[in-house]
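Remarks on the structure that follows.
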Amino acid sequence: MVLNKFLQDVKSIKTIDGAIDFLKSHFDFTKSVEKALDYSINSHKTQFRKSGEPYVVHPILVATVTAYYSNDEHMVISALLHDVVEDTETTIEEIEEEFGFDVACIVDGLTKIVEIREHELSHTNDDKKLLSSALTFRKMLIASIKDVRIMVVKLCDRIHNMLTLDALRPEKQKKISEETLVVYAPIAHRL
C-alpha cells in the first residue's frame with residue numbers, strides 16, 4: 001500500500017518545484033546533492049518531455065525513486081545526472097571532475113546501457129526477433145554491469161518511464177512495456 005501511494009505521488013508530479021519538494025521529503029540534501037540538482041536543472045533547462053513538462057522533472061523523480069530504495073548519496077546524485085551525458089554536451093570527464101569517481105562510474109554505466117540497447121535491441125515488428133534481441137540485450141546488460149548501483153538506478157529510471165507512458169503513442173507504450181517485462185523485470189526480480 002505504501003509503495004502504491006508513493007508511486008501515485010511520483011506519477012502526479014509535473015513541475016520542477018513539486019519534484020524538488022518530493023525529493024527533499026525522501027532524502028536529506030547535502031551540498032553535493034544540491035550541486036547535482038542545480039547541474040541537472042541547468043543542463044536540461046531547454047528540454048521538454050513528450051508530455052510537455054520540463055525534462056528535468058524526470059531525473060529529479062528518478063532520484064526520488066532511487067532515494068526511496070536507497071540512501072546512497074552517490075546513487076541519488078547519479079540519478080539526477082543520469083541523462084546529462086547522453087542528452088547534452090557534458091562529458092563523463094566533466095561529471096567526474098564535478099562529482100567524483102563513483103558518480104562518474106555510475107553515470108557512465110547508465111550511458112553505456114543506452115549504447116548497448118541501441119546496438120543489441122532489434123527495431124522490428126517481428127515478435128520473435130524482438131524477443132530474441134531483448135534476451136540478448138538482457139544477457140549483455142547483466143554481463144556488462146560492474147556495479148549493482150548502476151542497475152538499481154536504471155530500474156528506478158524505468159519505473160518512472162513506465163509511470164509516464166501515457167504521453168506516448170500506443171505502439172510505443174506497448175514496445176516499452178514489452179521490453180520492461182522481458183529485460184528489466186527479471187533483473188529486478190533477481191535484485
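The values are calculated or read from the model by the stated rules, or taken from the named source; none is laboratory data. Note that the coordinates shown come from a computational prediction; the quantities given were computed from them, not determined experimentally. Cβ: placed from backbone, ideal geometry, glycine included. Neighbour counts: every protein chain shown. Quick note on the areas: whole protein, heavy atoms, side chains included, nothing else; ligands and nucleic acids left out. Shrake-Rupley method; radii C 1.70, N 1.55, O 1.52, S 1.80 Å.
A few remarks follow.
- Qualifying residue in region 25-41 (condition: in contact (Cβ under 8 Å) with a residue 40 or more places away in the chain, open to solvent by less than 50 Å² (accessible area, probe 1.4 Å) and over 16 Å from the mean Cα position of the chain (by Cα)): yes
- Check on Val76, under 14 Å from the mean Cα position of the chain (by Cα), part of a helix (DSSP H, G or I) and without any contact (Cβ under 8 Å) to a residue 40 or more places away in the chain: no
- Filter pass, Asn71 being over 21 Å from Leu163 (Cα atoms), without any contact (Cβ under 8 Å) to a residue 12 or more places away in the chain and either in contact with a His (Cβ under 9 Å, 6 or more places away or on another chain) or of a type outside the set (Val, Ile, Thr) (or both): no
- Residues that are open to solvent by less than 40 Å² (accessible area, probe 1.4 Å) and among the charged types (D, E, K, R), drawn from region 157-186: Asp157, Arg158, Glu179
- Any hit, region 127-144, residues being open to solvent by 50 Å² or more (accessible area, probe 1.4 Å) and modelled with pLDDT of 85 or more: no
- Checked against the criteria, Ser51 counts as polar (S, T, N, Q) and under 21 Å from Lys11 (Cα atoms).
- Residue identified as in a loop (DSSP other than H, G, I, E, B), among the hydroxyl-bearing types (Ser, Thr, Tyr) and more than 17 Å from Asp17 (Cα to Cα) among Thr90, Thr66: Thr90
- Picking from residues in region 46-61 that are open to solvent by less than 10 Å² (accessible area, probe 1.4 Å) and in contact with a Leu (Cβ under 8 Å, 6 or more places away or on another chain), the one that is nearest to Lys5 (Cα to Cα) is Leu61.
- Put simply, of Asp9, Asp17 the only residue that is open to solvent by 90 Å² or more (accessible area, probe 1.4 Å) and part of a helix (DSSP H, G or I) is Asp17.
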